[in-house]
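*Asks:* This is the structure I have questions about; it appears just below.
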């Protein structure tokens, strides 16, 4: 009867690891991520967070949108799509990238895996098939969504390499950051990537191998502190790493309604991803102009804030009177022992000469108080351990 | 004793709203209604024992929350419950659902086209951009672009500022949007027929435009610019039917000391010394007031209940040229039980949503061709709902009321005037279409009220049965609505005002025209304003 496939369920979808994540989820705390049930926390967010900083945390990233990009023009297509030079990303390498609309505003960020010659996987937070297909005009390339077909786990933390070795992934210790390799006759792809700013890997399999992968991994990690990690813990780790979250720290340009709410890569502190020297790419003209004229309106800054009150949803002031921006992500960092935040401020104020302050509201026994806390603009990630880059990494 | 500060002609929701704000300001007001019930097209009627029909308008979104609040309509009994989603049944046995839940909606669209499911995001953002633009002007009097008065210049600048605030691309898009067709607009985002068909309905409902007629994209906006509790674009049911809206406004009016007289049909607006002086009723009675407000559409106001001698001929010519074309009909059905739609999964939430039975823009365009040929559409666009799945007050438990808005339906047939036989054949066309997707539907029918433009005009005075009291095309919007130079609710005769949907911002159960007109009247009387300002989205 049905021409377009069987009716969709109105129930929230289950990821390929649901049988395992539901077993592990003692709190029964879930949220819907792109329609898939995803754990907020399994036992306690801070314990899970410390697992990924001290041992290994495992995050189910199946709902991440995934596209398979193949064809003779795959490289040329991607090079026109994103702002960075894709010709430098050889097979077996992964690139973090952003792509812009014609006005040079960021549609999304994501990672591009060069699986083999002419074959790529693009992973993004948002869903962009309409944009990606429109951009195929003139290229001999095929773009297919494979979100539901590919299951993936992030395995993050100081013991992650040792666990993967114990799992039998021979030579995994030689995989460099942003490298990818295959095991099990190509059935398992492992990339040294992640959203925690720490030593870590991401494991990718076809959906049917998912449960087996989980079981092998947890068996191998039993003695090395492996734990399932929910979205709350991951969010803490990514803020410490200074990673931006789409729809939190910036709004994808194709969702923007109000004028001036979209951001260029420069405005997001991602100017290092823009290569104006390479061949033409989407948004190049606008970005070249923005750079030449210094016309960026906004600046994304990493802030270390005085005191210990998290600056969630705070206004940022130059001095203590002039409002110049707002915080998009904030937390007390347990590893850095710092009060940290990602904030958007008007471009001229993103420096320490501006004497930035955060207006912080905090609650104690129901009563609200307010403090104006001094902010220091920092360049480096709040958490950036050497093990993140060490090859081979230590066992713990 | 037959003397008032103001007379409002017609107890539709705009007339009642206008009167309520005048009464709130302390004026002695009477609303004169020709029927023995109030509400006009926002009405609940028991036309089958124990069944309450929303027999004209049937859903609520546009009613301005500022008015809801200012007239304290909650205390006067109005409750609006949101409902969500829609379903479009397809000829091949499949269907396209649009679900309340964003993710389920995406998944369902992706079942038909993954491209379109992702394209919806940009469509929604661009459409919201246009929606926000117009929402700012709903509770404002349109500026006169030829005037140099301070307030007109100020208001023109406000429009200009809203335009200039947009990004360059958005300005280009806006200029295109206001004149393009809904079909062309949708074609720019989507590739899948049924997805386009399901979204196009909002671009044609209530208008004599087809999906590829220029100007129909704006009509989409007119259906998206409402809200339920700040949820922009959402629609809801007024508990107890759409009469709940009119009854609550009437109750507010009476609480402010205003009067309503039913079965008091106005035959003539009396003009003395170039000023409005009152009205003469069909009964021969005269009611006097220095302010007369007409909630009749602009054609009926100036051509039916006024003496042409009191008006200038160029003005009357413009009134005659005002487009107010009938394009729709309505079936109201009492059901002995809930019909089943076998294409839908058991327990589907889509049963609570709008249902449509036409799955491509081409079919809708063909339906429009029938209208041009002066017949009702053989394969119509039906917007069908079963409010009793949400509202327990409209039918006995387990029984249902079904509302079917039908397009296209011409005001006059190729064979001449509508006859009762034509009307019944029109009704059969609709029932047959629904039956194709619901085999048990016909057997559940207890009573049907069929309304063609003929009934809509005769019973509630909508010229040609046009639900918006005038086409919503660019030439008849903002400062051109209803007549260029007369968009600020004042008629050419001193003391005479217009407050119907023929005026800005147009049709729908919005109450904004009634409120805007009241603000102008109070300004002329140098009375304190009682009409609220726009809440503002930001």
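*Asks:* So which residues in region B:217-244 are modelled with pLDDT under 95 and in a helix (DSSP H, G or I)?
*Replies:* Within region B:217-244, B:217, B:218, B:219, B:220, B:221, B:222, B:223, B:224 qualify.
*Asks:* Can you find, within region B:130-158, the residue that is nearest to the other protein chains (Cβ to nearest Cβ) among those that are closer than 25 Å to residue A:253 by Cα and assigned to a helix (DSSP H, G or I)?
*Replies:* This residue is B:132.
*Asks:* Going by what's in this entry, would residue A:181 be described as away from every other protein chain (no Cβ under 14 Å), under 27 Å from residue A:239 (Cα atoms) and modelled with pLDDT of 95 or more? Walk me through it before giving the result.
*Replies:* Working: away from every other protein chain (no Cβ under 14 Å): yes; under 27 Å from residue A:239 (Cα atoms): no; modelled with pLDDT of 95 or more: yes.
For residue A:181, the condition - away from every other protein chain (no Cβ under 14 Å), under 27 Å from residue A:239 (Cα atoms) and modelled with pLDDT of 95 or more - is not met.
*Asks:* Of the residues in region B:89-104, how many are closer than 13 Å to residue B:359 by Cβ, crowded, with 16+ Cβ neighbours inside 10 Å and facing chain A (nearest Cβ under 7 Å)?
*Replies:* 1
*Asks:* What strands (runs of 3 or more DSSP E) lie completely within region A:96-169 and have 1 or more residues being over 21 Å from the mean Cα position of the chain (by Cα) and more than 14 Å from every other protein chain (Cβ to nearest Cβ)?
*Replies:* Qualifying strands (runs of 3 or more DSSP E): A:106-116, A:119-124.
*Asks:* Take the residues in region B:187-216 that are in a loop (DSSP other than H, G, I, E, B) and without any contact (Cβ under 8 Å) to a residue 40 or more places away in the chain, then tell me which one is farthest from residue B:412 (Cα to Cα).
*Replies:* Just the residues of region B:187-216 that are in a loop (DSSP other than H, G, I, E, B), to begin with: B:188-192, B:205-215.
Filter once more, so that each one left must be without any contact (Cβ under 8 Å) to a residue 40 or more places away in the chain: B:188, B:214.
On the way: B:188: 35, B:214: 24 Å.
The qualifying residue farthest from residue B:412 (Cα to Cα) is B:188.
*Asks:* Checking residue A:283 against (1) buried (at least 16 other Cβ atoms within 10 Å of the Cβ); (2) over 16 Å from residue A:106 (Cα atoms), which test does it fail?
*Replies:* Unmet condition: (2).
Residues checked against (1) within 23 Å of residue B:206 (Cα to Cα); (2) assigned to a strand (DSSP E or B); (3) at pLDDT 95 or above; (4) within 26 Å of the chain's Cα centre (by Cα):
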{"position": "B:58", "(1), (2), (3), (4)": "yes, no, no, yes"}
{"position": "B:73", "(1), (2), (3), (4)": "no, no, yes, yes"}
{"position": "B:87", "(1), (2), (3), (4)": "yes, yes, yes, yes"}
{"position": "B:100", "(1), (2), (3), (4)": "no, no, no, yes"}
{"position": "B:110", "(1), (2), (3), (4)": "no, no, yes, no"}
{"position": "B:115", "(1), (2), (3), (4)": "no, no, yes, no"}
{"position": "B:122", "(1), (2), (3), (4)": "no, no, no, no"}
{"position": "B:125", "(1), (2), (3), (4)": "no, no, no, yes"}
{"position": "B:128", "(1), (2), (3), (4)": "yes, no, no, yes"}
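*Asks:* In the list A:227, A:208, which residue meets the criterion of being more than 13 Å from the chain's Cα centre (by Cα) and more than 24 Å from residue A:119 (Cα to Cα)?
*Replies:* One residue alone meets the criteria, A:227.
*Asks:* Confirm whether residue A:60 is modelled with pLDDT of 95 or more, within 14 Å of chain B (Cβ to nearest Cβ) and in contact with a strand residue (DSSP E or B) (Cβ under 8 Å, 6 or more places away or on another chain).
*Replies:* no
*Asks:* Read through the list (1) surrounded by fewer than 21 Cβ atoms within 10 Å (Cβ to Cβ); (2) within 22 Å of the chain's Cα centre (by Cα); (3) away from chain B (no Cβ under 14 Å), then give the number of the only condition that residue A:73 fails.
*Replies:* (2)
*Asks:* Looking at the structure I just gave you, is residue A:125 farther than 22 Å from residue A:59 by Cβ and touching a residue at least 12 places away in the same chain (Cβ under 8 Å)?
*Replies:* no
*Asks:* If you check B:22, B:63, B:16, B:47, which single one turns out to be in contact (Cβ under 8 Å) with a residue 24 or more places away in the chain, in contact with a strand residue (DSSP E or B) (Cβ under 9 Å, 6 or more places away or on another chain) and assigned to a loop (DSSP other than H, G, I, E, B)?
*Replies:* After applying the criteria, what remains is B:63.
*Asks:* Kindly indicate whether residue B:58 is touching a strand residue (DSSP E or B) at 6+ places or on another chain (Cβ under 8 Å) and away from chain A (no Cβ under 14 Å).
*Replies:* yes
*Asks:* Go through A:23, A:48 for me and flag whichever is surrounded by fewer than 17 Cβ atoms within 10 Å (Cβ to Cβ), modelled with pLDDT of 95 or more and in a helix (DSSP H, G or I).
*Replies:* Working: A:48 fails: surrounded by fewer than 17 Cβ atoms within 10 Å (Cβ to Cβ).
None of the others qualify; the one that does is A:23.
*Asks:* Taking region A:242-277, which residues are surrounded by 18 or more Cβ atoms within 10 Å (Cβ to Cβ), assigned to a helix (DSSP H, G or I) and away from chain B (no Cβ under 14 Å)?
*Replies:* A:266, A:267, A:268, A:273 - these are the residues of region A:242-277 that are surrounded by 18 or more Cβ atoms within 10 Å (Cβ to Cβ), assigned to a helix (DSSP H, G or I) and away from chain B (no Cβ under 14 Å).
*Asks:* Among the listed residues A:269, A:283, A:325, A:307, identify the single one that is farther than 28 Å from residue A:124 by Cβ and in contact (Cβ under 8 Å) with a residue 24 or more places away in the chain.
*Replies:* Of A:269, A:283, A:325, A:307, the one residue that is farther than 28 Å from residue A:124 by Cβ and in contact (Cβ under 8 Å) with a residue 24 or more places away in the chain is A:307.
*Asks:* Next question, about the same structure. Just give me the residues in region B:159-178 being more than 11 Å from chain A (Cβ to nearest Cβ) and surrounded by 14 or more Cβ atoms within 10 Å (Cβ to Cβ), in sequence order.
*Replies:* Here is the first cut: in region B:159-178, the residues more than 11 Å from chain A (Cβ to nearest Cβ) are B:159-161, B:172-178.
Matches in region B:159-178: B:159, B:173, B:174, B:177, B:178.
*Asks:* Here is a follow-up. Can you tell me which residues in region A:33-51 are touching a helix residue (DSSP H, G or I) at 6+ places or on another chain (Cβ under 6 Å) and either over 25 Å from residue A:197 (Cβ atoms) or within 9 Å of chain B (Cβ to nearest Cβ) (or both)?
*Replies:* A:35
*Asks:* I need the full set of residues from region A:7-20 which are in a loop (DSSP other than H, G, I, E, B), more than 14 Å from chain B (Cβ to nearest Cβ) and over 19 Å from residue A:232 (Cα atoms), in order please.
*Replies:* A:16
*Asks:* Any idea how many residues of region A:87-109 are touching a strand residue (DSSP E or B) at 6+ places or on another chain (Cβ under 7 Å) and either farther than 18 Å from residue A:177 by Cβ or free of Cβ contacts under 8 Å to residues at least 24 places away in the same chain (or both)?
*Replies:* Adding up the residues that qualify gives 7.
*Asks:* Is it fair to say residue A:4 is buried (at least 16 other Cβ atoms within 10 Å of the Cβ), facing another protein chain (nearest Cβ under 9 Å) and in a loop (DSSP other than H, G, I, E, B)?
*Replies:* Yes; evaluated as a whole, the condition is true for this residue.
The values are calculated or read from the model by the stated rules, or taken from the named source; none is laboratory data. Note that the structure is a prediction, hence the values are computed from the model and not measured. Ideal geometry is used to build each Cβ from the backbone, glycine not excepted, and the neighbour counts take in all protein chains shown.
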